[in-house]
Amino acid sequence: MKGVIMAGGFGTRLRPLTCNLPKPMAPMANRPMMHHIVNLLKKLEVREIISLLYYQPESISSYFGNGSAFGIEMFYTQSEADYGTAGSVRNAFTFLDERFIVISGDVLTDIDLQKAIDFHEAKKAKATLVLTRVPDPLAFGVVMTSEDGKITRFLEKPQWGEVFSDTINTGIYILEPEVLNLIPYQQDFDFSKDLFPLMLEQDMGLYGYVGEGYWRDVGNLDEYQQAHLDILKGNVKVEIPGTHQGSVWIEEGAQVSENAKFEGSVIVGADATIESGATVTNCVIGAKAHVAAGAKLRDTVLWEGSRIGRGSQLTSDVLCQEVEIGDDVVVAEKVYIADRCVIGNEARLLANIKLWPDKEVESRSTVSSSLVWADRWTRELFTNARITGLSNIEMTPEFGAKIGSALGAFAGKGRSVAISRDADNVSRMVHRAMTTGLMSAGVIVNDLQQTPIPLTRSELRNGKQATGVHIRKSPHDRRKTDIIFFSADGRDMPPSKTKSIERLFFGEEYQRAPYNEVGSIFFPERTNESYITSFLQVLDEEAIRVARMKVALDFSYGVASTILPNILGALGPEVVALNGYQDPTRMAREREEIEAAQKKLGEVVTSLGYDMGFIIDPGAEKVYAVCETGASIHNYRLLTILTKLFLETHPDVKKIAVPVVASTEVEMIAAEYNVEVVYTKNTHLAMMEATSDPDIGFVGGTRGGFIFPEFLFAIDGMYAVAKIMEMTVKSGLTLGQLDRELPRRAVTDRTIDCPWELKGRAMRRAMEHSEGMRRELIDGVKIWLDDHDWVLLIPDKERPTFHVVVETAEAEKSAQLALEYEKRVREWKEDSVAIS
């Protein structure tokens, strides 16, 4: 007799344990589940086995090889598609030339299958199903038999009213080879739904044998844990490797301290270490795992290479390969941690959560909900005033409702909150989910619907609402969605307030409003009209109208296309519009795509003889410019040009503000007008905070965002376009002319990979290196090499990278210095000795 192991399961219900391996390879008592099945078949003298592969086949074939190490011959066949249980067996037609037994590779059983084979032979059956009795058969297919074992009826997933028997199908079948002729080739065909009903209809000798012994379908995480506990209790007979000492099994190479305490049954894998003072109760410790002194583990399964820190406590949990648990961590019941996760010291993981692979939980964090395919998990939900997540994976309706509830609790019952979005469908989904969360907290929701971000800020600035949010497709990564949080005045929410929301979110401390105090929704009227009126009031409309400028605009498929045309209609320029309609699928652009769009826009400007061209980002906040010659203007250079234009047309201004990364060109121009330059951090929040100084008339960024406090305290791409038109008209200068005539310096920006945990070391080395040198510590470490040349060393706030920005008079020198400092940073993040 030959054996067939069904080994193509995805193990979806076992995730996150099966994120990186097929379900049959999930460890059970330190051996893959399929390993136990192979042992079971060997007891039947089955020596030729074929494995039916589908999902991650190499994981199985590399483990079992040709089977010689297991005393069998192992063969493989892989389906090109999912052909169902019977259809996949049909693929092994040429191999199955004699009686064979089919068994799933992901069950745990010790049923005496030899008795089932004897029954099959005695009945001269063509197919025998191995059945078992269970107290709750609702989740399984019920099989009814006559007194002689002949199957009379199948009931797939019955209701209680249909549970006429407690015998269920175990998925173990003994079949004669001619049965394969009933299965169509490469078609979806199932044993229970198709083949067996067909055999029953044709009265082909279909029998059921009720086996005695243990059987468990390891179909979900609870079953996986229970199967391990059953092994430890001796409820199922499986081969447990290692030396048996009472109720403890210890494999070769394991090091167990004499002062370690074992309670109940424990399995310790090869080369594992259990230190003095550790207490291990009813656990499976994987190969090469490490349990430090003072740790307490109960009813827990550790896979290979996992490490438990000193004093940590785990109860009824499963840790996959190479999980790192820090010191004094508390992990509550039913926590499932996938491969290579890192849990920092003193972290708390609350009950019933799942961590997908490669998550990182920082020290002293509290995790209360499952973490799916994210890049990194920290104590901070926010990056500045923004939450960013993978669309419909992290940014889900559930998340939206929860963060809405937290924001509602922060705002307070009875208060008003403004909410807006872009045209993207995920934004719409999260917008509605947040609305429900806000309402549940008793908040009045002012729904601005599809609205540009600057308009939402403008609506908030009267301070009548507690807070506001805008949901958008990330302009940088089309896979992600952003939620931007505003204070009552429309500025970015400061860290002190985002921290409060985080505490509410993670602690789930928000209260629901009573049924009669649930919030309501309003749709404010004339929001656009109010914004446009304020917009035009502060511009010199007449000067722009008389000039009859010619401007090309790329709306980036964003929401500015619904507002700006009305404004430009009042200002009177001749406009050609590109991408002037909303298309959520095309809003996000990579840097290369923006550069290509600038080039195309430049071609339009030159071919039509226009004065200038602008790309407005989808959120209507930032602009990218081309001059009258069609040349693209880099954002660093655009700041220099706008500084000149602004100071030329606003002679009474005393101060301007720019980020610390801005070119010294700005300082040189400001000196000509005796204007002070105030430096800020390289964040939008810091730029907005600068506008609180009434002497600051202009705040310019290096990434296309510009603030004109005369109109708004935040970046506004639509106003920037109109203001640039006004300033060029009133000054008589063009963008191209200024680009040619203004002083030009060379800036080099290099990015170095730097893990989060090494950023602090690199910054410390930068401080040591710059000791005694002229430096500024506004944002990163800015080292002045002389009165004009400088180097800025700054870690990225959102990515595991480090930036080196260098400015000198000559491009060659700038590039050379950048390379030198890149080398230094690489050494700083790796060496333990300071480098000068």
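Only aspartates and glutamates eight or more places from residue 599 in sequence, or on another chain, were considered; those with a Cα closer than 13 Å are 554, 628. Convex hull volume of the C-alpha atoms in region 2-217, normalised per residue: 123 Å³. Where both bridge residues fall in region 530-741, DSSP classifies roughly 30% of the beta bridges as antiparallel. The trypsin sites (Lys or Arg not before Pro) of region 592-654 that DSSP puts in a loop, and whose beta carbon has at most 13 other beta carbons within 10 Å, are 654. When only Cα pairs below 8 angstrom with a gap of at least 6 residues are kept, the chain shows a relative contact order of 6 percent. Anisotropy class assigned to region 299-452 is prolate, per the alpha carbon gyration tensor with a/c at or over the 1.5 cut-off and a/b larger than b/c. Counting neighbouring Cβ atoms within 10 Å and putting the fewest first, the residues 363, 556, 104 line up as 363, 104, 556.
Dipole magnitude for region 240-367: computed about the Cα centre from +1 point charges on Lys and Arg Cβ and -1 point charges on Asp and Glu Cβ, it is near 320 debye. By the beta-carbon count within 10 Å of each Cβ, the least crowded to most crowded order of 130, 238, fewest first, is 238, 130.
Each 5 Å bin from 0 upward holds the following percent of the Cα-Cα pairs of region 736-817: 3, 14, 21, 21, 18, 11, 6, 3, 2, 0.
Relative to the longest principal axis of the Cα atoms of the chain, helix 591-608 runs at roughly 40 degrees.
By the equivalent-ellipsoid construction on the alpha carbon gyration tensor, the chain comes out with semi-axes of 64, 32, 26 Å, ordered largest to smallest.
For region 1-70 versus region 762-789, the spacing of their alpha-carbon centroids is 58 Å. Counting only DSSP beta bridges with both residues in the chain, the antiparallel share comes to about 40 percent. When you restrict to C-alpha pairs under 8 Å that are six or more residues apart and normalise by the size of region 240-367, the relative contact order lands at 13 percent.
Taking 7 Å steps out from each Cα toward its Cβ at residue 522 and residue 489 produces label points 2.3 nm apart. Using only C-alpha positions, report the orientation-averaged shadow area of the convex hull of region 386-522, nm², one decimal. Convex hull of Cα atoms, orientation-averaged projection: 7.3 nm².
The simple Förster model, with R0 at 35 Å and r as the Cβ-Cβ distance, assigns residue 133 and residue 252 a FRET efficiency of 0.35.
Of all aspartates and glutamates in the structure, those lying under 19 Å Cα to Cα from residue 813, and not within fewer than 8 positions of it along the same chain, are 665, 749, 786, 787, 789, 822. Pair-distance distribution P(r) for region 89-129, from all Cα-Cα distances in 10 Å bins starting at 0: 22, 48, 30 percent.
In this structure, the pairs whose alpha-carbon distance is over 30 Å, taken from 480/600; 123/233; 237/261; 2/288; 723/782; 550/644, are 123/233; 2/288; 723/782.
Restriction of the GluC sites (Glu not before Pro) in region 531-591 to DSSP coil positions whose beta-carbon has at most 16 other beta-carbons within 10 angstrom yields 590. Averaging the Cα positions of each part gives two centres, and for region 74-97 and region 437-452 these lie 55 Å apart. Taking the centroid of alpha carbons for each part, region 571-641 and region 274-293 are 62 Å apart.
Translational D (Stokes-Einstein, µm²/s) of region 530-741 at 10 °C and 1.306 mPa s when Rh comes from the Kirkwood sum over C-alpha pairs? Rounded to a whole number, D works out at 93 µm²/s. Listed by chain and number, the lysines whose C-alpha is less than 20 Å from the C-alpha of residue 464, apart from same-chain residues fewer than 8 away, are 413, 497. Across all Cα atoms of region 240-367, the radius of gyration (one decimal) and Dmax (whole number) stand at 13.3, 40 Å.
FYI, it's all coordinate maths here, none of it is from the lab. These numbers were taken from a predicted model, which means no experiment stands behind them. Cβ: placed from backbone, ideal geometry, glycine included. Neighbour counts: every protein chain shown.
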